[in-house]
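A.B. asks: Quick one: the structure is below, and I'll ask about it shortly.
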């Protein structure tokens with residue numbers, strides 16, 4: 001029973017729970033970003049580049065079983081047993097990564113702005129020039145070394 005108790009303490013600690021929530025939200029966020037890239041960003045890029053569909057760009061490295069080396073899409077090439085270099089998928093995933101990285105950067109930046117301390121308040125203590133002890137800002141004499149101070 002001791003192991004079960006230790007496991008329960010570990011599982012309900014804030015760190016483990018926060019990590020689990022982060023993974024779940026991260027997976028959902030990844031799906032959203034994938035859709036953003038595939039369905040929102042890539043179509044206009046395709047229109048701007050004259051109908052270029054990055055996700056279906058590939059180079060046949062080795063012909064298929066029937067000797068064919070000219071295919072219109074990756075699925076047909078794979079069915080024929082051709083070895084392909086799918087650089088278009090890589091470009092799409094690279095854009096996906098850059099968007100996720102930028103979104104995380106913006107999130108961390110916003111959180112850091114919220115955590116920043118407010119503008120500094122007026123000081124309430126000063127250092128004694130003789131003994132360097134901290135004393136109240138309005139003190140006329142240092143309580144530690146009794147040096148007279150100018151206000």
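A.B. asks: What single numbered condition from (1) under 24 Å from the mean Cα position of the chain (by Cα); (2) farther than 16 Å from residue 94 by Cα fails to hold for residue 48?
C.D. replies: Going through (1) under 24 Å from the mean Cα position of the chain (by Cα); (2) farther than 16 Å from residue 94 by Cα one by one, residue 48 breaks only (1).
A.B. asks: If we scan the stretch 71-90, do we find a residue that is at pLDDT 85 or above, under 30 Å from residue 29 (Cα atoms) and under 21 Å from the mean Cα position of the chain (by Cα)?
C.D. replies: Within the stretch 71-90, one or more residues are at pLDDT 85 or above, under 30 Å from residue 29 (Cα atoms) and under 21 Å from the mean Cα position of the chain (by Cα).
A.B. asks: If you check residue 100 against the conditions, is it in contact with a helix residue (DSSP H, G or I) (Cβ under 6 Å, 6 or more places away or on another chain), surrounded by 11 or more Cβ atoms within 10 Å (Cβ to Cβ) and either more than 30 Å from residue 54 (Cβ to Cβ) or modelled with pLDDT of 85 or more (or both)?
C.D. replies: Numbers: in contact with a helix residue (DSSP H, G or I) (Cβ under 6 Å, 6 or more places away or on another chain): yes; surrounded by 11 or more Cβ atoms within 10 Å (Cβ to Cβ): yes; either more than 30 Å from residue 54 (Cβ to Cβ) or modelled with pLDDT of 85 or more (or both): no.
Here the answer is no, as residue 100 does not meet what is asked.
Matching residues to (1) touching a strand residue (DSSP E or B) at 6+ places or on another chain (Cβ under 6 Å); (2) within 22 Å of residue 22 (Cα to Cα); (3) in a strand (DSSP E or B):
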site: 32; (1), (2), (3): no, yes, no
site: 84; (1), (2), (3): yes, no, yes
site: 89; (1), (2), (3): no, no, no
site: 99; (1), (2), (3): no, yes, no
site: 120; (1), (2), (3): no, no, no
site: 130; (1), (2), (3): no, no, no
site: 135; (1), (2), (3): no, no, yes
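A.B. asks: Taking the options 16, 68, 20, 77, name whichever one is surrounded by 10 or more Cβ atoms within 10 Å (Cβ to Cβ), in contact (Cβ under 8 Å) with a residue 12 or more places away in the chain and assigned to a helix (DSSP H, G or I).
C.D. replies: Details: 16 fails: in contact (Cβ under 8 Å) with a residue 12 or more places away in the chain; 68 fails: assigned to a helix (DSSP H, G or I); 20 fails: in contact (Cβ under 8 Å) with a residue 12 or more places away in the chain.
After ruling out the rest, the residue left standing is 77.
A.B. asks: While we're on this one: Contact list please: Cβ distance under 8 Å, first residue in the stretch 42-61 and under 23 Å from residue 76 (Cα atoms), second residue surrounded by fewer than 11 Cβ atoms within 10 Å (Cβ to Cβ), pairs at least six apart or on different chains.
C.D. replies: That search, which allows pairs on different chains as well, returns 60/70.
The values are calculated or read from the model by the stated rules, or taken from the named source; none is laboratory data. Small disclaimer: the values here were computed from a predicted structure and weren't measured. Ideal geometry is used to build each Cβ from the backbone, glycine not excepted, and the neighbour counts take in all protein chains shown.
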